[in-house]
Amino acid sequence: MSHFTYTNGKLHAEQTALDRIAAEFGTPTYIYSSASLTENFLAYATACQQHGRGNKGALVCYSVKSNSNLAVLSLLSKLGSGFDIVSGGELERVIAAGGDTKKVIFSGVGKSRDEMRLALSHEILCFNVESIPELHRLNDVAASMGKRARVSLRVNPDVDPKTHPYISTGLKENKFGIAFEDALETYRVAAGLPHLEVTGIDCHIGSQLLDDAPLLEALDKVIELADQLHAAGIELHHLDIGGGIGITYDQEQPVAVGDYLGRLFKRIDQWRAANYNNKPITVLFEPGRSIVGNAGVLITEVQYLKHGGNKNFAVVDAAMNDLMRPAMYEAWHGVQPINQRSESPKIYDVVGPVCESGDWLARDRTLAVESGDLLAIMSAGAYGMTMASNYNTRGRAAEVLVDGDQFRLIRKREKSSDLFALENI
């Protein structure tokens, strides 16, 4: 997390001390670095340019589910990003943030008719379809609107991404995608429906991949299917390779984005040269975590220190409702004091106030800390706020975007009255 560093014993985001933000907006609060977001997005965009994929040769479609704040989406849109969405609500967020709907791809296994109508009315780039019933529903909806829907089929290549089972999406037992052996016939069905236009193929095998070998194995399966489609007279205009590149939470060493894209484009170029006279094909990506994960932290205040016979607990004001990943995945997040102390440290579990034993943010961490101190939960930019809930009638955290030595509130903290405003006695 190169843009979160200590200066004179204080943890900063870029040139802004995090305790300044806590003093103005309180805790818990999510804080994002504009410089990190920009740098991480440009790792993809620059690699595409370096490998001759300028203009329409490639499109980076940021995965909105990883962090959907309007300010984040707006910043990425201005950098040229497209967007990968999984709901009508996410499409409305992209529109509200000023994103280009013609750069939107709509993924997900359970799209409703209303969501399809919304997306068609805004002329999105493509629907990533995941079943034959969805093909028929989309064809019917498009017919009722007098439109043709551009479609790509999400193909399940049965490749093991070697990641957490909850974020593995490319195996036969996963709910996502169309089985590889059924894909050719499903494409024939799609090509025969009058209000659908087959434009591409999609594959996404999972998240937090540290090695690109499974991704390149999946690409080989996609290429094999594309050749079968070509032989059947079905031509593709784009390959959607999905996302999945991981980040460093602890000691992980994920593959560099530029290295992965270099190997991927080399394989695609060899394939097009050997079989298609170098006819170009657009390549789409769906990164999320690798853009925003290490661009954000969650800051929290220590409420109490509890010293027991077997465990010491630092009870903080952030909880599992604010950051679900530790409770849900037993995920590891770094914990750093915002103001460094010189006292001897102790080993603590960092826990929240929610009435669940699963309400923990970090276990067995060596910290020099006192009640009232501020802590930063690191690498919290992805799947933090988007997975947050109001369990125990807790308002969700505020969100702040830092730009150099300036910062601004990009989402107000929820009040209790906000949480029951839609309810009636």
In the structure displayed, which of Lys102/Lys279; Lys103/Lys147; Lys56/Lys103; Lys78/Lys279; Lys221/Lys266; Lys103/Lys412 lie more than 20 Å apart, Cα to Cα? Lys102/Lys279; Lys78/Lys279; Lys103/Lys412
Order by protection proxy (mean Cβ within 10 Å, highest first), peptides 317-328, 384-395, 402-413: 317-328, 384-395, 402-413
Can you give me the Cα centroid spacing of the stretch 204-245 and the stretch 355-398 in angstrom? 37 Å
On a 0 to 90° scale, report how tilted helix 180-192 is relative to the longest principal axis of the chain, with both axes built from alpha carbons and the result rounded to the nearest 10. 60 degrees
Sum -39500 (n - 2.57) across every DSSP H segment of at least 4 residues in the chain, then divide by the residue count to get the 222 nm mean residue ellipticity, nearest 500. -9000 deg cm²/dmol
Ranked highest first by average number of other Cβ atoms within 10 Å, how do 144-153, 23-32 line up? 23-32, 144-153
For a protection proxy built on the mean count of beta-carbon atoms within 10 angstrom, sort 229-239, 255-265 highest first, please. 255-265, 229-239
Checking the a/c ratio against 1.5 first, then a/b against b/c, what shape does the Cα gyration tensor give for the stretch 189-274? prolate
Where a ≥ b ≥ c are root eigenvalues of the Cα gyration tensor, a/c under 1.5 meaning rounded, otherwise prolate if a/b exceeds b/c and oblate otherwise, the stretch 27-111 counts as oblate
Just how large is the dipole of the chain about the Cα centre, in debye to the nearest 20, putting +1 at every Lys and Arg Cβ and -1 at every Asp and Glu Cβ? 680 debye
Using Cα atoms only, what is the angle between the long axis of helix 132-144 and the major principal axis of the chain, expressed in degrees (0 to 90) to the nearest 10? 80 degrees
When only Cα pairs under 8 Å and 6 or more residues apart are kept, what is the percent relative contact order across the stretch 34-291? 20 percent
As a footprinting exposure proxy, order Phe285, Phe420 by other Cβ within 10 Å, with the fewest listed first. Phe420, Phe285
How far apart, in nm, are the 7 Å Cα→Cβ label points at Gln406 and Glu224? 5.3 nm
Rounded to the nearest Å, what's the spacing between the alpha carbon centres of the stretch 137-152 and the stretch 1-24? Just the number, please. 50 Å
Taking the Cα centroid of the stretch 61-107 and of the stretch 285-338, what is the distance between the two, rounded to the nearest whole Å? 26 Å
Rounded, prolate or oblate, given the Cα gyration tensor of the stretch 34-291, with a/c below 1.5 counting as rounded? rounded
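Computed from the coordinates by the stated procedures, all read-outs in this text should not be read as laboratory data. These numbers were taken from a predicted model, which means no experiment stands behind them. With ideal geometry, Cβ positions are generated from the backbone for all residues, glycine too; neighbour counts draw on all protein chains shown.
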